[in-house]
Amino acid sequence: MKYILSIDQGTTSSRAIVFDENQNIISESQKEYQLHYPKDGWVEANPDEILGTVKETIKKALEISEVDIAACGITNQRETVVLWDRLSGKPIYPAIIWQDRRTSDLCNELKKKENLESEIRKKTGLLLDPYFSATKIKWILDNVENARKMAENGELCFGTIETYLVWNLTKEKKHKTDATNASRTMLMNLETLEWDNSLLEIFNIPKSILPEICSCDDNFGSIDVSNQRFPITGVIGDQQSALFGQNCFEFGEMKSTYGTGCFLMVNTKEKIYKSEAKLLSTVGCMLGNKVSYALEGSIFSAGTSIQWLRDEMRFFDDSSKSEDLIDDEFDSKGVNFIPAFTGLGAPHWNSEIRGSIHGIQRDSSKEDLTTAVFKAICFQTLEIVEALELDGVSVSSLKVDGGMVKNRKFLQLLSNTLSTNIKKPDQIESTAVGAFKIALLGSGIKNIDEIQEIGSYDEFKSNKSPQLNDDYQIWKAYLTRNL
């Protein structure tokens, strides 16, 4: 029996899971870390703290499992930016998290330049938005003392989180990324799968700071830990990892991940979609020289809305208890919630809007607001599904994963809202499963046909009511007014 270590580095926590080759969990460890909000719309974290949580969870998972690791896979939050000194390895600024909106004004200025946004969209499949890495990199180079000078002298490294981890975890100090993460920087050409010189010029970013772009199943170096040494044979961005983990290998197969944000992604194989509905084209996976593309809708606030109910509203002390506050008939009694804590993603892409609550009355309760929050997450998903249909992609069923899908009332509400059957896998942490499967392939332990046979599903069938459709139209009216 072979054993695989899967590292899942997320927005608010890091997790290490040891799987056997049949996807059974042998051991796991998880540790949270702090996000910081120094200004409105700014979201940061300490890179050393992120790295520390990864190292700690790896060590604990290996201590618990007491098995020899054959290979390792890494999956990570995407778009988050770290720049560090090439000699010392020390970050020159906190990690700017993907949710950060500080470069909104820069994006708005760039949009004023004729044909610039259309050029970026054509080359990258992405919209000109603070969400992506390019403007975050530019901000650090322009605002941190000596940063640009160091970059131009070849003294800086840039990486999204997987690159920062590979650099720090491997003895070889590999400066590598994979094609899925590179496709989220707004600096990689989707067709050539290489860093694009004209995009680097637009954002004034020296090519010397960028990592090498590799396939997801490349060899990224080796880790020495707990008296073991094993190779990293798989790296993939978290949402693409969930798509892979859910076995969405064919055209039109799709999943939606409900974690900090919500990300619905559909496999489009060799086709790069030019979305008319403001969805994103991206690399879905790259194995060897073969690439599959994907179409994605990104929602910025999903699990963060539940955390807000827990931590700021103090409606419950554990997120799992939120299910008890959802009305059995999904009636929020006129209360509506717009979950725009850091703006709205697809299909609106508005970084200025903020969250709001509507329709509160004297007898409105925490049950009403909790129900309204879960309905808003479902309504945002419906907006993405409608956008996919505008682009000619129909949704017949949806595979879901992430921490929120432990909530069965939420899944039934989601099924009712979408008028679509919802399939929940027996292993809901599909991001970690995807990294495990990529590492299996990269190490040669299993082939693609063998990994498709792993896993089973629990299905929720739609029971839509006319009232829910009316509620959606009312919610859309509030959203439109806010926008």
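The values are calculated or read from the model by the stated rules, or taken from the named source; none is laboratory data. Computed from a prediction, not measured in an experiment: that's the story for all the values here. Glycine gets a Cβ as well: all are built from the backbone with ideal geometry, and neighbour counts include every protein chain shown.
What the table shows:
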read-out: Close pairs (6 angstrom Cβ cut-off, 6 or more residues apart or separate chains): under 15 Å from Leu441 (Cα atoms) in segment 233-261, among the charged types (D, E, K, R) and part of a loop (DSSP other than H, G, I, E, B) anywhere; value: Gly234/Asp217
read-out: Condition check for Phe251: surrounded by 24 or more Cβ atoms within 10 Å (Cβ to Cβ), out of contact with any His (no Cβ under 9 Å at 6 or more places or on another chain) and not hydroxyl-bearing (Ser, Thr, Tyr); value: no
read-out: Matching helices (runs of 4 or more DSSP H) fully within segment 105-162 where at least 1 residues are touching a Pro at 6+ places or on another chain (Cβ under 8 Å) and at pLDDT below 95; value: 147-152
read-out: Among the residues listed as Asp470, Asp426, the single one being loosely packed, with under 14 Cβ neighbours inside 10 Å and closer than 30 Å to Gly288 by Cβ; value: Asp426
read-out: Scan of segment 277-292 for residues that are surrounded by fewer than 21 Cβ atoms within 10 Å (Cβ to Cβ) and out of contact with any helix residue (DSSP H, G or I) (no Cβ under 6 Å at 6 or more places or on another chain), ordered by number; value: Lys278, Leu287, Gly288, Asn289, Lys290
read-out: Residue in segment 423-434 that is touching a residue at least 60 places away in the same chain (Cβ under 8 Å) and more than 22 Å from the chain's Cα centre (by Cα) present; value: no
read-out: Pairs, first among the basic types (Lys, Arg) in segment 306-323, second surrounded by 17 or more Cβ atoms within 10 Å (Cβ to Cβ), C-beta under 6 Å, six or more apart; value: Arg310/Phe316; Arg310/Ser319
read-out: Members of segment 432-458 that are in contact with a strand residue (DSSP E or B) (Cβ under 6 Å, 6 or more places away or on another chain) and at pLDDT below 90; value: Gly455, Tyr457, Asp458
read-out: Output for segment 250-260, where each listed residue is in contact with a helix residue (DSSP H, G or I) (Cβ under 7 Å, 6 or more places away or on another chain) and in a strand (DSSP E or B); value: Lys255, Ser256, Thr257, Tyr258
read-out: Some residue of segment 158-168 being farther than 20 Å from Asn46 by Cα and not acidic (Asp, Glu); value: no
read-out: Output for segment 70-107, where each listed residue is over 28 Å from Trp167 (Cα atoms) and touching a Leu at 6+ places or on another chain (Cβ under 9 Å); value: Cys107
read-out: From the options Leu382, Leu388, Leu413, Leu440, residue that is assigned to a helix (DSSP H, G or I) and either touching a Cys at 6+ places or on another chain (Cβ under 7 Å) or without any contact (Cβ under 8 Å) to a residue 24 or more places away in the chain (or both); value: Leu413
read-out: Of all residues in segment 389-404 being out of contact with any helix residue (DSSP H, G or I) (no Cβ under 6 Å at 6 or more places or on another chain) and at pLDDT 90 or above, the one that is surrounded by the fewest Cβ atoms within 10 Å (Cβ to Cβ); value: Lys399
read-out: Verdict on Ser465 being exposed (fewer than 14 other Cβ atoms within 10 Å of the Cβ) and either more than 20 Å from the chain's Cα centre (by Cα) or within 23 Å of Ser319 (Cβ to Cβ) (or both); value: yes
read-out: Which numbered condition Trp308 fails, given (1) more than 16 Å from the chain's Cα centre (by Cα); (2) closer than 22 Å to Ser351 by Cβ; (3) at pLDDT below 90; (4) not basic (Lys, Arg); value: (3)
read-out: Per-region count, segment 66-88, residues in contact (Cβ under 8 Å) with a residue 60 or more places away in the chain, over 30 Å from Val433 (Cα atoms) and part of a loop (DSSP other than H, G, I, E, B); value: 2
read-out: Some residue of segment 36-48 being touching a His at 6+ places or on another chain (Cβ under 8 Å), under 30 Å from Ile92 (Cα atoms), of a type in the set (D, E, K, R) and modelled with pLDDT of 95 or more; value: yes
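Rundown of residues vs (1) in contact with a Leu (Cβ under 9 Å, 6 or more places away or on another chain); (2) farther than 28 Å from Asp85 by Cβ; (3) part of a strand (DSSP E or B); (4) not hydrophobic (A, V, I, L, M, F, W, C), yes/no style:
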site: Arg184; (1), (2), (3), (4): yes, no, no, yes
site: Ile202; (1), (2), (3), (4): yes, no, no, no
site: Ser208; (1), (2), (3), (4): yes, no, no, yes
site: Cys248; (1), (2), (3), (4): no, yes, no, no
